[in-house]
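Below is one structure, written out as structure tokens; comments come after it.
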Amino acid sequence: MTWLETSTDNCTLQRTLDLVGEKWSLLVVRDAMNGVRRFDDFRRHVGLSESVLADRLRKLVAAGIMHTVPYSEPGSRTRHEYRLTRKGWELWPAMIALKQWGDRHAADPEGSPLEVVHRECGEPVEAVVVCTAGHGTLDPPQARTLPGPAAHPLDLAGR
């Protein structure tokens, strides 16, 4: 079965984009990865309306990417902080890869507005694709896509 003969109805990349592929969702995840926890801080820093932010946070919580933790300031009602779950943190390599691409192709002439560095040595981190058998980093021509165990043939009559 070739790529064009394979149905994309159960594509995991498509399902991932359904959860986090919208711009505001990724920016909320970016801010959460950088320590933002409170609704008003997300709204102010990301720069979106309360209704859009509430919708994105609700979807991220429902997907298990974030969870809420109650807190209260003295004399105020209980509110919730939003924190990434382990599932949410597993988006970190993808976020680094998107940042890396943006630094190369969409940055200001002065460079990137933020850097992600290794705590121990201070050197920049980067996302790479590696072979799990230990053959090191790969470039696109060194890899190929094959049908996986959940692949279904494309229904040419139904499309």
Just give me the residues in the range 83-117 being open to solvent by 70 Å² or more (accessible area, probe 1.4 Å), of a type outside the set (A, V, I, L, M) and part of a loop (DSSP other than H, G, I, E, B), in sequence order. E90, P109, E110, P113, E115
If you scan the range 119-136, which residues turn out to be open to solvent by less than 100 Å² (accessible area, probe 1.4 Å), touching a strand residue (DSSP E or B) at 6+ places or on another chain (Cβ under 8 Å) and more than 27 Å from M1 (Cα to Cα)? P124, V125, V128, G136
Are there any pairs, at least 6 apart or on different chains, whose C-beta atoms fall under 8 Å, with the first in the range 61-72 and touching a residue at least 12 places away in the same chain (Cβ under 8 Å) and open to solvent by 70 Å² or more (accessible area, probe 1.4 Å) and the second of a type outside the set (D, E) and in a loop (DSSP other than H, G, I, E, B), and if so, which? H67/T85
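Here is a yes/no grid of residues against (1) within 23 Å of the chain's Cα centre (by Cα); (2) free of Cβ contacts under 8 Å to residues at least 24 places away in the same chain; (3) farther than 21 Å from V29 by Cβ:
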{"residue": "L48", "(1), (2), (3)": "yes, no, no"}
{"residue": "A54", "(1), (2), (3)": "yes, yes, no"}
{"residue": "P74", "(1), (2), (3)": "no, yes, yes"}
{"residue": "Y82", "(1), (2), (3)": "yes, no, no"}
{"residue": "R86", "(1), (2), (3)": "yes, yes, no"}
{"residue": "D108", "(1), (2), (3)": "yes, yes, yes"}
{"residue": "P113", "(1), (2), (3)": "yes, yes, no"}
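The values are calculated or read from the model by the stated rules, or taken from the named source; none is laboratory data. The structure displayed is predicted, hence computed values, not measured ones. When we count neighbours, we look across all protein chains shown, and the Cβ atoms used for this are built from the backbone with ideal geometry, even at glycine. Side chains are part of the model used for accessible areas, which takes the heavy atoms of the whole protein and leaves out ligands, DNA and RNA. Shrake-Rupley method; radii C 1.70, N 1.55, O 1.52, S 1.80 Å.
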